[in-house]
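Down below is the structure, laid out as structure tokens.
A short reminder: the numbers here are calculations on the coordinates, not readings from a lab. Everything quoted here is computed from the prediction, not taken from an experiment. Cβ placement follows ideal geometry from the backbone for every residue including glycine, while neighbour counts extend to all protein chains displayed.
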Amino acid sequence: MGFTKLYSATILALLLAMPSLAQDAPAPKKKDDNPNITCTPGWSGYYRPQRWMPLQFQVVIENPTKEAYDGTLRVVAKQDSLVEMTTEKSALVTKNLPLEVTLAVKILYAPNDIKVEYLEKSGTFTGYLPRWSENIAQTRRLTALLNQDLLFVVVKDFGSSSLVQLTQRYNAGPGVGMNYGPSAGTGAIRVSTQAVDKLPDDWAVYDAVDLVILQDPQWQRMTQPARQALVQWVHRGGKLLLALGGSNPLTGDHALAAMLPFSVGPLAAREIEAAQLERWGTAATSERMATSWANGRTTVAHWDLSAAPATWSRNTFHNTDVPWMVSGNVGLGQVGVVAFNPDALFTDDVGSALPMWVQAIDMVRPDEAHLNTGPPTEDEIPYYDRPSRCVPGDPQATNSVISHLLAIPQLRPLSIWWVIGLLSALALLLGPLDYLVLRKFDRLPWTWITSTVVIVLFSIGAWYGVQRIRGGTLQMRVVSVVDGVEAPNKPGQPAHTSATYYGGIFAPESSNYVLDTPGRDGRLSAETSWWSAISPDGGRYGYNDYSLVSRPLGSAQDDTGNRLVSLPISIWSMQCLLNETQDAAIPIHATVYTVGGPGETRQIKVVVTNLSDREIVSGEVRLFGTTWQQLRFNKRIPPGDSETFEGPLAFTDEMTYSGRWVNNSSTFRPEAAFFAAGTLERTRAIERLLKQGAALVTVRYDDASLPFTIAKRNNDVVHIQMARLVVWPKAGQ
């Protein structure tokens, strides 16, 4: 008994001592080389379904034991209802130095899974080991934008911006919100703030953005790739607003300054009167003015914008011809320049400068955006924006192009009579014929053998019969649109070009195919290209649209865009792809001469030069006076030749009406591609330029060359290309 008591007391003492022992024990050593990764999706969480959006990563290695870590960032997400895209980008992390990486991805509406991973290259074998993963669809806030919603990206270094109050001030419902394009007055304004040194390096991720506002940032902190990305985005049709400040000059060697068709003049002090503030929709009170206010006047540091071209719009100070803002066309886009930072006039944070920003925004988007005005009537809303949708482009036009890609004999459904005939033949063989033959030879018990043989032979015959009917060579069918804008001081020659390729690859056998881009060194140095999948869409939105079968695609991103590294295609099926390219070559030059003013039946002459290695089969010239007018030419133009066409202009339909090309189901019209996903925004930009007096020359190639092919495969190619060049007509006789 004494021993038992002693044993119990010893155990009790040990149990009481364990907490103190645990406190004195050293903490376990933290694992070395542990990655610390932050992922920011979209533009402050905003994105447009099935359009490019940024995923911004910051990668830091904690407790580093090596000088550098060779890794890869991978994103796996459903791009649309059919395709799951795997995207990879190299991530070389240096010791004690954070790495900033941006990936461009497309996702569908309200995805359940967006898996992001960091994989580190293994030193023991060829391959990568997973070190970090996260499902950002469940851990990050994502907000899908409708087509009529507006997304503004405000770039400012320090302090708050009154522009963030656009969301509260102008989102009060229909008729009060920002009226944007066809679905005006019904959308919301969303504002995303970005640091200038965090801007993405790829123009594709700006696809969802309606306007980028650079509010007196430190211009030199913007990386060179980010500058080039903004320039390319503007050339494709983007809208950019530059607000200059007194302390951070935009020097001429900056890519954004070089993009402007004029040089910004010196900085000077400019007086502002109370009447000017009233014109801006605000009033002066000494307690909220950042500048000194006396005798109804104040001064502001103002950059000279008087050198802007005469074709640019100007907004001047009260009772002067000195512009406080100018705006005009750059490529297919628009750029506005404000001579000072409006927020610098006020000290309060209640949005006193907001009315000034509203006027500046309206100048950059004169045809598409107006604040605080009534909504348009139902007749003013084109059918492709009725009702509200999340899908890009005109769904009917996109489906029309995809239907053309799929219109090959191998993909047409078999006639029901083939099925009825084959099943009837099988029933006849297994029934009466089998019975009569075996009864004649007195071998009825052999029916299980003869039936098995018939079924096997019939199955083999059906397999090879379908192969003969459905077989064929590997096929690539493409419809493309290449757009260019006439270069300043270079009549007829394009300065900036954008291209969209809609392609379908038919596979007679299941395999993993690879796209190749031969002759890449011979293209323009600034060319960038982005690949994604494209699938038919009925314009559905507001819910998950998943299919039971998911087609996997793999891509790798670098400084020139992305490339498809994995393209698995199943036997007797077609994978449809979308390629968006910037700063590619355009195959035509053109010069247009007109006689007569707008609204008249004008005479026109156009000189077209074919720069392609294929002949032009048809074309037209289109202008806008008080109505839409055009001149068609059907004469073929051989490669390298020039032709002159002249005659009176005939009246035609408005440019952005797609019904006459889309609704005709019997014959495919390649003009439907003007309104499909990836091209519709450029078509609207071209329409704006035509309403300002430009002319549009459009030509068609029926057997155009392709800048890409299927690697190590012989394939048949059918490529219809539409090339559009915006030129400014000259007065002729």
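Please sort by residue number the trypsin sites (Lys or Arg not before Pro) in segment 679-721 whose DSSP state is loop and whose Cβ has at most 13 other Cβ atoms within 10 Å.
Values: sites: Arg682, Arg684, Arg688, Lys691, Arg700, Lys712, Arg713; in loops: Lys712, Arg713.
The qualifying sites are Lys712.
If you add up the charges near Phe674, with Lys and Arg at +1 and Asp and Glu at -1, over every other residue whose beta carbon is less than 14 angstrom from its beta carbon, what do you get? Don't skip to the answer; put the middle values down first.
On the way: positive: Arg622, Arg660, Arg669, Arg682, Arg684, Arg700, Arg724; negative: Asp394, Asp483, Glu620, Asp653, Glu654, Glu671, Glu681, Glu687.
With Lys, Arg at +1 and Asp, Glu at -1, the net is -1.
Would you mind counting up the charge near Thr143? Only other residues with Cβ under 13 Å from its Cβ, with Lys and Arg at +1 and Asp and Glu at -1. Walk me through the numbers on the way to the answer.
Numbers: positive: Arg48, Arg140, Arg141, Arg190; negative: Asp149.
Once all neighbours under 13 Å are counted, the net charge is +3.
Counting other C-beta atoms within 10 Å, which of Ser570, Ser192 has the fewest, and how do the rest follow? Don't jump to the answer; show the numbers that get you there.
Values: Ser570 13, Ser192 18.
Lowest count first: Ser570, Ser192.
Neighbour counts of other C-beta atoms within 10 Å: give me Ile534, Ile455, Ile189 arranged from fewest to most.
Details: Ile534 28, Ile455 13, Ile189 23.
The fewest-first ordering by Cβ neighbours comes to Ile455, Ile189, Ile534.
Would you order Trp203, Trp463, Trp303, Trp530 from fewest to most other beta-carbon atoms within 10 Å of each residue's own beta-carbon?
Details: Trp203 28, Trp463 10, Trp303 20, Trp530 24.
The fewest-first ordering by Cβ neighbours comes to Trp463, Trp303, Trp530, Trp203.
Write down, largest first, the equivalent ellipsoid semi-axes of segment 588-731 in whole Å, where each equals the square root of 5 times an eigenvalue of the alpha-carbon gyration tensor. Intermediate values should be presented prior to the final figure.
On the way: eigenvalues 154, 73, 34 Å².
Ellipsoid semi-axes (Å, largest first): 28, 19, 13.
What are the chymotrypsin sites (Phe, Trp or Tyr not before Pro) within segment 131-169 that DSSP puts in a loop, where the Cβ has at most 16 other Cβ atoms within 10 Å? Don't jump to the answer; show the numbers that get you there.
On the way: sites: Trp132, Phe152, Phe158; in loops: Phe158.
Within segment 131-169, the qualifying chymotrypsin sites (Phe, Trp or Tyr not before Pro) (loop, at most 16 other Cβ atoms within 10 Å) are Phe158.
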